[in-house]
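For reference, the structure is listed below as structure tokens.
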């Protein structure tokens, strides 16, 4: 990833990020798929005062912990929590415009109007494939998202917040089975974080509700046993602790073991006449270590055990990773 920014004046600032994924955009000899070069975000900020400022461009949607700050040094483990990839489809960006600011000393908010999802790409695995990502986005239907975070002065290191997204997803698209319905999507998300010295703890819960799901499945001819769901949910709790100073008597590096427990179900409730694919409902137990030789450089190891509520099985996972940001 490459960050590019420019300060036109004290009140007009441009920020962007370019992502190079999977090393190359060319086909490779082993038959694996090609990579990509993408704009992760590109936005102009117009500053007026602390309480009210404006932003426009390709925006990162302000939901959850990871979507706006998704580089490897800033989350535990090699894999992102599945709640923040399947329920909150990180990395999620879209063309839009909005406002942001701080209210008093403890409340921060962001509120954007965005191009909506494209419902014809929803699946039993969730809404992730319905992201348009600013690439020739259909904008017959828009979405609106608002986030508020509260950091009370009486509890240093504590943050409590939430966000809501609402928008139609039909985009006036016609497919072989007929017109894609409006498919209004609601996403609700709540989160809390506590950081105190070497201790870091987070919890997050997300829930979605989709209207017209039965009609959408019928028009798109989705399988009876793998439908697009009316409702999805997911959540996780994780805790990490920096033991480097305790082990080595120095605070110039960080060594943070962590554990995470997570539940994700993209088939929580399905329309009448369809059968939920219970392989999409998973308990995930994981843990590992993040080592930071520098605050923006991380080496990672992670182990995950995935237990499905369906007939299928997922193998346990051992991941090794490294990351950096500058």
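Key figures
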read-out	value
Residue tally, condition surrounded by 11 or more Cβ atoms within 10 Å (Cβ to Cβ), over 16 Å from residue 69 (Cα atoms) and modelled with pLDDT under 80, over the range 1-26	5
Residue list for the range 174-196, filter: farther than 18 Å from residue 236 by Cβ and buried (at least 16 other Cβ atoms within 10 Å of the Cβ)	180, 181, 182, 183, 184, 185
Scope the range 35-58; condition at pLDDT 95 or above and closer than 20 Å to residue 85 by Cβ; matching residues	58
Whichever residue in the range 259-279 is in a strand (DSSP E or B) and buried (at least 20 other Cβ atoms within 10 Å of the Cβ) and, among such residues, is farthest from the chain's Cα centre (by Cα)	267
Failed item, numbered, when residue 232 is tested on (1) assigned to a strand (DSSP E or B); (2) within 15 Å of residue 123 (Cα to Cα); (3) out of contact with any helix residue (DSSP H, G or I) (no Cβ under 9 Å at 6 or more places or on another chain)	(3)
Residue 90 being surrounded by fewer than 20 Cβ atoms within 10 Å (Cβ to Cβ) and within 29 Å of residue 232 (Cβ to Cβ)	no
Members of the range 225-259 that are within 17 Å of residue 303 (Cβ to Cβ) and either touching a residue at least 60 places away in the same chain (Cβ under 8 Å) or not assigned by TED's automatic domain parsing to the domain that holds residue 169 (or both)	236, 238, 240, 256, 258
Qualifying residue in the range 280-296 (condition: in a loop (DSSP other than H, G, I, E, B) and out of contact with any helix residue (DSSP H, G or I) (no Cβ under 9 Å at 6 or more places or on another chain))	no
First in the range 191-210 and assigned to a loop (DSSP other than H, G, I, E, B), second anywhere and modelled with pLDDT under 95, Cβ under 8 Å, 6 or more apart	198/245; 198/246
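The values are calculated or read from the model by the stated rules, or taken from the named source; none is laboratory data. Being a predicted model, the structure only gives us computed values, none of them experimental. Backbone-built Cβ (ideal geometry, glycine too); neighbour counts: all protein chains shown.
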